[in-house]
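Please read the structure below before turning to the comments.
Quick note: the coordinates plus some simple rules give every number you see, no bench work behind them. Keep in mind that what you see is a predicted model, and the values were worked out from it rather than measured. Cβ atoms come from the backbone with ideal geometry, glycine included; neighbour counts cover every protein chain shown.
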């Protein structure tokens, strides 16, 4: 399991705000940005792992430990972006082609 305590950013405002002003993500935390194909970490104070998912949950691109003040590439195949604590990708072995099942309580 990648995330057991997460949030969904599915409005223009929540996607724009993202993790700005948020403390560093802890293991099990995450943020799903709906409808995004690129992100940035401008203004953030911590690194994050980033998964770009297509509409079926297949991982199309990964960025391990994306540092603050960076911009990701535009991932045309992405429908959503999952932001995770840095180190999650390495710890779990998550890779391009994996299927991420999204379940919401």
Filter result for residue 78 (in contact with a strand residue (DSSP E or B) (Cβ under 6 Å, 6 or more places away or on another chain) and assigned to a loop (DSSP other than H, G, I, E, B)): yes
Note on residue 3: of the conditions (1) without any contact (Cβ under 8 Å) to a residue 60 or more places away in the chain; (2) under 20 Å from residue 90 (Cβ atoms), unmet is (1)
Those residues of region 19-60 which are part of a strand (DSSP E or B) and either out of contact with any strand residue (DSSP E or B) (no Cβ under 9 Å at 6 or more places or on another chain) or surrounded by 19 or more Cβ atoms within 10 Å (Cβ to Cβ) (or both), in sequence order: 29, 30, 31, 32, 33, 48, 49, 50, 51, 52, 53, 59
Could you say which residue among 73, 68, 64 is touching a strand residue (DSSP E or B) at 6+ places or on another chain (Cβ under 8 Å), in a loop (DSSP other than H, G, I, E, B), touching a residue at least 24 places away in the same chain (Cβ under 8 Å) and surrounded by fewer than 19 Cβ atoms within 10 Å (Cβ to Cβ)? 73
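Each row is one residue, and each column tells you yes or no for (1) within 12 Å of the chain's Cα centre (by Cα); (2) under 20 Å from residue 10 (Cβ atoms).
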{"site": "33", "(1), (2)": "yes, yes"}
{"site": "51", "(1), (2)": "yes, yes"}
{"site": "65", "(1), (2)": "yes, no"}
{"site": "72", "(1), (2)": "yes, yes"}
{"site": "81", "(1), (2)": "yes, yes"}
{"site": "84", "(1), (2)": "yes, yes"}
{"site": "87", "(1), (2)": "no, no"}
